[in-house]
Amino acid sequence: AAAGAAPAGAEAFRNSYLNLALPLVALSEPEPPETFRLPASADGARGEAWSEWSRVEVDGGGGELRLSQLVARLEERFGHEVSFLSTSGGMLLYSPLSPPASQQRWLSMGVGAAVDEALGGGRGGERLVQLQASLYDEESEEDVEAPPILYRRRD
């Protein structure tokens, strides 16, 4: 799904509650999620809008992407430098502030291998990995949150 696109309209998530012990019938429908906008990129392109329902799906294609390839794809997609890339559990996979030797080691690893090592192994069966990225906005000189990234493993 594209960033900013909800999986379905809010009306698809309507809920009804009926309690026969009490004379109670309740109907509810969720509010649409709050939307966020990424800052404009360096080339002047307007930043895309996204919500908590959004996901950026990345597929390795024919094989496993190296972490450096994933970072390059994300930078191209969003038009900003990736300042942090971590697992959804908060384990850091990439930061340009890391020592160069450590950074080189992690960037040369496949995404699946990097996630497994960061989380202590034992996760080889999971085909989808949710990652979180922060992007550096040069104009405001701040990090901004990117939509969650859903990476499809191909190892």
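The values are calculated or read from the model by the stated rules, or taken from the named source; none is laboratory data. Model, not experiment: these values are computed from the prediction. When we count neighbours, we look across all protein chains shown, and the Cβ atoms used for this are built from the backbone with ideal geometry, even at glycine. SASA here: full protein model, heavy atoms, side chains in, ligands and nucleic acids out. Shrake-Rupley method; radii C 1.70, N 1.55, O 1.52, S 1.80 Å.
Sort the following peptides by mean Cβ neighbour count (other Cβ atoms within 10 Å, averaged over residues), highest first: 81-91, 103-113.
Order by mean packing, descending: 103-113, 81-91.
Based on Cβ point charges of +1 for Lys and Arg and -1 for Asp and Glu, what charge dipole magnitude is obtained for region 69-155 about its Cα centre, in debye rounded to the nearest 20?
Dipole magnitude for region 69-155 comes out near 760 debye.
Could you point to the residue in L128, W106, P23 farthest towards the positive end of the chain's charge dipole, with +1 and -1 charges on the Cβ of Lys/Arg and Asp/Glu respectively?
Among L128, W106, P23, the one farthest towards the positive end of the dipole of the chain is L128.
Keeping all protein chains in the complex and leaving out DNA, RNA and ligands, what accessible area do you get for D59 with a 1.4 Å probe, in Å² to the nearest 10?
Probe radius 1.4 Å; accessible area of D59 about 60 Å².
According to a simple spin-label model (label point 7 Å from Cα along Cα-to-Cβ), what is the distance in nm between Q69 and L24?
Label at L24, label at Q69, 5.4 nm between them.
Want the number for R77 to S16: 0.36 nm per residue separation, take away the alpha-carbon distance, what's left?
That works out to 17.9 nm of additional length.
Say we join alpha carbon atoms closer than 10 Å with springs in a Gaussian network model of the chain; which of E145, E57, E76 then has the biggest fluctuation?
Judging by the Gaussian network model, the answer is E76.
So, R0 is 22 Å and r is the distance between the beta-carbons of S140 and T35; what FRET efficiency does that work out to, to 0.05?
0.75
What ³J(HN,Hα) values, in whole Hz, does the Karplus curve 6.51 cos²θ - 1.76 cosθ + 1.60 give for region 58-71 when θ = phi - 60°, with x put for Gly and Pro?
Karplus-based 3J(HN,Hα) across region 58-71 equals 10, 10, x, x, x, x, 6, 7, 6, 4, 4, 5, 5, 4 Hz.
With +1 on each Lys and Arg Cβ and -1 on each Asp and Glu Cβ, and nothing else charged, work out how big the dipole of the chain is about its Cα centre, in Debye to the nearest 20.
740
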